[in-house]
Each structure stands twice: as C-alpha cells, then as structure tokens.
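Peer 1: Right, I'll just put the structure down here and ask away after.
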Amino acid sequence: MAHEIKSIGVVGAGQMGSGIAHVAALHGVDVLLADLSEERLNAGLATIGNNLSRQVASGRITEAAKKEALGRIKPTTDYKAFGDSDLVIESATESEAVKRTIYGAVCPILKPEAMIATNTSSISITRLAAATDRPERFIGIHFMNPVPVMELVELIRGIATNDSTFESARAFVAKLGKTATVSEDFPAFIVNRILLPMINEAIYTLYEGVGSVDAIDTAMRLGANHPMGPLQLADFIGLDTCLSIMQVLHDGLADSKYRPCPLLVKYVEAGWLGRKAGRGFYDYRGEKPVPTR
C-alpha cells in the first residue's frame, strides 16, 4: 500500500538538490534541505529564491505561492532533523563512496517506515540499496536538470524495492506535477544511456577534427532540431558528471562504444568542467560564451 509523502529531507543543496526542494515546496511538501556547510545551504536557498522569482515574473506562480514555498523549506547541517521525514532524497555528488557514507549517517536517524531515494543519474540502485538498513524501502527517483523546468522523472527499482515503496514514489512524483517513466536498474537508466553516448560522440567529432565546437552545436541544433547543441549541453550538465556517467556505462556494460573520449578526460583534468567552472567547451568568463576550440 502506498504511503502519502508529506515531508521530505533532501541531502545536497547543489543544482539538483535545490531544484528538488523548490518543486516539492511549491507543491505543498515540507522540506528539510541539508548540506555540509551554512555557505552551501545559503547558496542553495538563494538559487531557489531567484528561480521562484523568475516563475513569478513569467506569471507561472503568484507572489503568495513563492512566499509559501520558501516558508516550507528549512535548511539544516544536521541529519538528526530527518527524524520525522517520510522520505529522504539523497542528491549528493555522483560518487558511490560519498553516497554510501551519507546512508550510513542518515539511516539510524530515520523512522522505521521512512523511505530513502537516490537522485543518482547512473549508479546501480540495487548496489546503493544494499548499503542501507532498508533496501526494500529504497528507490531511484532521478529528476532531470533543471528540476523546476523539466517534466520527466525516472523511477528505478532495485532488486529489493517493494511494491509499496514504488507506488509511494510514483504518487509523490505525480504530486509534484511530473511525469514518471520506469526504467530497469541498468547503468545510466534510459535518458543518460541514450543521451551521454551522443554527447561523448560529439566530443569525439571535435577531438577528431570533423568540426569545430560551433559547427557541431549548430549542426545538431538546426539539423536535428535539438534545443541546445551537445557540447553546450555537456557544459550545462558539467563535464565531470558527463565523464562519471560514461565511466559507469563503460565499467557496467564492458563495451568499447562507451569509452569516454580522451578530450573529455583532458578537459576534466584541466578543471574545465563547463558552465559552473567558467570554462568547458565554451569560455563563460566574458559577456557571451566563446568556443574554446
């Protein structure tokens, strides 16, 4: 039987975590937003405030709805606050070791019936669930970036996930006004299994000199009607995240077609991680983005 989720904890106040908190609060869910430092929490809350203001300006929500949503989000640096949460969504960096450490700290605090979800974009749900004390109440709820704008959420059951957890998660996604698609627990699920190899191939196309950054992005925008070119999209996602998903695909499926492009590896090693770092396939430090190759 599905349980109604009225209050959630979100671990990680970055781009994804703050987006999840924003959407949940806007749809009447009480949110505890946790991160390691006050600084990160303040940055996350500022992002939420700005994005809500943008929605008010475009007429999608009212000023009153914005105020109510902000009132439902409480920041915390202490997981002990999660004691009454119906669901905790882990939205930390795409590192299995980091995620396992979080579960180790969070699980002892949760009430027995509480669910845990991960927003991982590629890591095995079954393996992550096994690092908790409640694998049957663990599920993948993978939101798309940016969360307030994107309609889709992937739901991924681990081998132990029970029906009640799945139905509760599906009802929660519907409550947030999102559309759920169900994926089996294979590396990178559905969207990233298809999207990231395309981005990786675009980087190979650049690496092999077939076209420039501008030529490749223009070709896919106008030739395939994509809203954003693949290299621009890679910068938006974060090149470190793109690389980690390609590594999960390569390791998990052992197929050479998933080999990360050496140029992607080089950019990550240089710290050119895309928009968030000021440089990636484009340089964002001036008035408008300029291709770096």
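Peer 1: Could I have the simple spin-label model distance between Glu39 and Val191, label points 7 Å from Cα toward Cβ, reported in nm to one decimal?
Peer 2: The modelled label-to-label distance comes out at 3.0 nm.
Peer 1: Let me ask something else. Given springs between every Cα pair under 10 Å in a Gaussian network model of the chain, which of Ser58, Ser212, Ser244 has the largest fluctuation?
Peer 2: Maximum among the listed residues: Ser58.
Peer 1: Further question: Which value in deg cm²/dmol, rounded to the nearest 500, describes the helix-derived mean residue ellipticity at 222 nm for the chain, given -39,500 (n - 2.57) per DSSP H run of n ≥ 4 and division by the residue count?
Peer 2: Estimated from H runs of four or more residues: -13500 deg cm²/dmol.
Peer 1: A follow-up question, please. Quick one: which residues, 5 or more positions from Met115 or on another chain, have an amide H under 5 Å from its amide H? H modelled 1.01 Å from N in the peptide plane, none for Pro or chain starts.
Peer 2: Distant-sequence amide H within range of Met115: Leu87, Val88.
Peer 1: For Val56 and Ile159, what does the FRET efficiency come to when R0 = 41 Å and r is the distance between their Cβ atoms, rounded to the nearest 0.05?
Peer 2: In this case the efficiency is close to 0.40.
Peer 1: Using the Cβ atoms and a cut-off under 14 Å, what net charge is assigned to the surroundings of Phe186, where Lys and Arg are +1 and Asp and Glu are -1?
Peer 2: Result for the local shell: -2.
Peer 1: Further, regarding this structure: Name the most mobile residue of Arg40, Arg127, Arg60, meaning the one with the largest mean-square fluctuation, in a Gaussian network model of the chain with Cα contacts below 10 Å.
Peer 2: Arg60
Peer 1: Report ³J(HN,Hα) in whole Hz for each residue of region 146-161, in order, from the Karplus equation J = 6.51 cos²θ - 1.76 cosθ + 1.60 where θ = phi - 60°; Gly and Pro get x.
Peer 2: x, 4, x, 9, 7, 7, 8, 9, 8, 9, 10, 7, x, 4, 9, 4
Peer 1: Moving on to the next point. Once the other residues with Cβ under 11 Å from the Cβ of Lys99 are scored (Lys, Arg +1; Asp, Glu -1), what is the net sum?
Peer 2: -1
Peer 1: Short version: ³J(HN,Hα) in whole Hz for each residue of region 8-20, in order, from phi by Karplus 6.51 cos²θ - 1.76 cosθ + 1.60 (θ = phi - 60°), x for Gly and Pro, what are they?
Peer 2: 10, x, 10, 9, x, 9, x, 3, 6, x, 5, x, 5
Peer 1: Would you kindly state how much longer the chain becomes between Ala171 and Glu201 on full extension, computed as 0.36 nm times their sequence separation minus their alpha carbon distance, in nm to one decimal?
Peer 2: 7.1 nm
Peer 1: Taking H as built 1.01 Å from N, whose amide H comes closer than 5 Å to the amide H of Val10, not counting residues under 5 places away?
Peer 2: Leu32, Leu33, Ala34, Ile89
Peer 1: How long are the semi-axes of the ellipsoid equivalent to the chain, from square roots of 5 times the Cα gyration tensor eigenvalues, in whole Å, largest first? Spell out each step's value before the answer.
Peer 2: Numbers: eigenvalues 205, 108, 59 Å².
In descending order the semi-axes read 32, 23, 17 Å.
Peer 1: Counting Lys +1, Arg +1, Asp -1, Glu -1, what net charge surrounds Tyr207 among other residues with beta carbon under 14 Å of its beta carbon?
Peer 2: Taking every other residue near Tyr207 into account, the sum is +1.
Peer 1: Continuing with the same structure: Student exercise: in the chain, how many lysine pairs 8 or more apart or on different chains have Cα atoms under 21 Å apart?
Peer 2: 19
Peer 1: Based on the Cβ-Cβ distance of Val265 and Ala224, what FRET efficiency does E = 1/(1 + (r/R0)^6) give at R0 = 25 Å, to the nearest 0.05?
Peer 2: Numbers: r = 26 Å, r/R0 = 1.03.
Using R0 = 25 Å, I get an efficiency of 0.45.
Peer 1: Amide H neighbours of Gly158 under 5 Å, counting only residues 5+ apart in sequence or on other chains, H built in-plane at 1.01 Å?
Peer 2: Gly140
Peer 1: What ranking do His142, His3 get, fewest neighbouring Cβ atoms within 10 angstrom at the top?
Peer 2: Ascending number of Cβ neighbours within 10 Å: His3, His142.
Peer 1: Once phi is turned into θ = phi - 60°, what whole-Hz ³J(HN,Hα) does the Karplus curve with 6.51, -1.76 and 1.60 give for every residue of region 221-234, x standing for Gly and Pro?
Peer 2: So the J values, rounded to whole Hz, are 5, 8, x, 10, 6, 7, x, 9, x, x, 6, 5, 5, 4.
Peer 1: Grab the eigenvalues of the alpha-carbon gyration tensor for region 154-249, scale each by 5, take roots, and send me the semi-axes largest first in whole angstrom. Before the final figure, lay out each step's value.
Peer 2: Working: eigenvalues 216, 49, 18 Å².
Taking √(5λ) for each Cα gyration eigenvalue gives 33, 16, 9 Å.
No value in this document is a laboratory result; all are computed from the given coordinates. Everything numeric here is computed off the predicted structure, so don't read it as measured data. Quick reminder, even Gly has a Cβ in these numbers, built from the backbone with ideal geometry, and neighbours come from all protein chains shown.
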